[in-house]
1. As a footprinting exposure proxy, order R133, R100 by other Cβ within 10 Å, with the fewest listed first.
2. For the residues Y129, Y27, Y140, what sequence is obtained by ranking on other C-beta atoms within 10 Å, fewest first?
3. For C121, enumerate residues with amide H under 5 Å from its amide H, sequence gap 5+ or separate chain, H modeled in the peptide plane.
4. At a Förster distance of 25 Å, what's the computed FRET efficiency of S135 paired with K23, Cβ-Cβ distance as r, to 0.05?
5. So, R0 is 45 Å and r is the distance between the beta-carbons of K41 and Q126; what FRET efficiency does that work out to, to 0.05?
6. If you stretched the chain out fully between L5 and Q88, how much longer would it get, using 0.36 nm times the residue separation minus the C-alpha to C-alpha distance?
7. With each pseudo-label sitting 7 Å past Cα toward Cβ, what's the E142-I108 distance in nm, one decimal?
Amino acid sequence: MFERLKWMTDAITSAKSFPSVYKWTTYGLTTAIEKIWKTSKEKVENHDRIDPLMVELCSVLERSLNYMHTGHAKVLATSVMAPMWTSQGLIDHGMPIFARMVRLGTSIADTISVDGANWPCDDNTQQPYSSSRRSQVMTYGEQHYMVRGTQSLRQTSGSAWCDIAQSYMW
């Protein structure tokens, strides 16, 4: 029995199959990121506005993918990812879990949606949390984030929502 187990372990950890393990286990995340990218790319090409919640969700998905590749919890934006259950799922089980506010669908044809009314917010300021802030500041500068990010994710009636009139336009 142990010989068979050793053979299976050697087969999985061999140089040829080990990289494929990452492809298999991260397929759902990479598919969701690609769907968001495809939709956003079309909107940019058509000069349409991009839903800022999709930018934030994409950031959460990318952080999850990063964690799955590195195992380093420092990449998790817990202020956003903990209320979404994502960070705890990754830490406990190695796979992300998403609260009902996120709908990824079950097939490639399904659309991805985010319920902005349930997006995680700061209890004191009632401002929505952002997982993309750091990358926006590093890439485009603080001014870009202050204009694009904070104006796009606004607070109304005690819940975060997407202000389509002032959403991301890159």
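1. Starting with the residue having the fewest Cβ neighbours, the order is R100, R133.
2. In increasing order of surrounding Cβ atoms, one gets Y27, Y140, Y129.
3. Correct list: Y129.
4. For R0 = 25 Å, the calculated efficiency reads 0.55.
5. Step by step, r from the Cβ atoms, then E = 0.90.
6. My answer for the length gained is 26.9 nm.
7. Rounded to a tenth, the inter-label distance reads 4.5 nm.
Where a number appears in this text, it was derived from the coordinates with a stated rule and is not lab data. Quick caveat: nothing in here was measured; it's all calculated off a predicted structure. Every residue, glycine among them, receives a Cβ derived from its backbone with ideal geometry; neighbour counts consider all protein chains shown.
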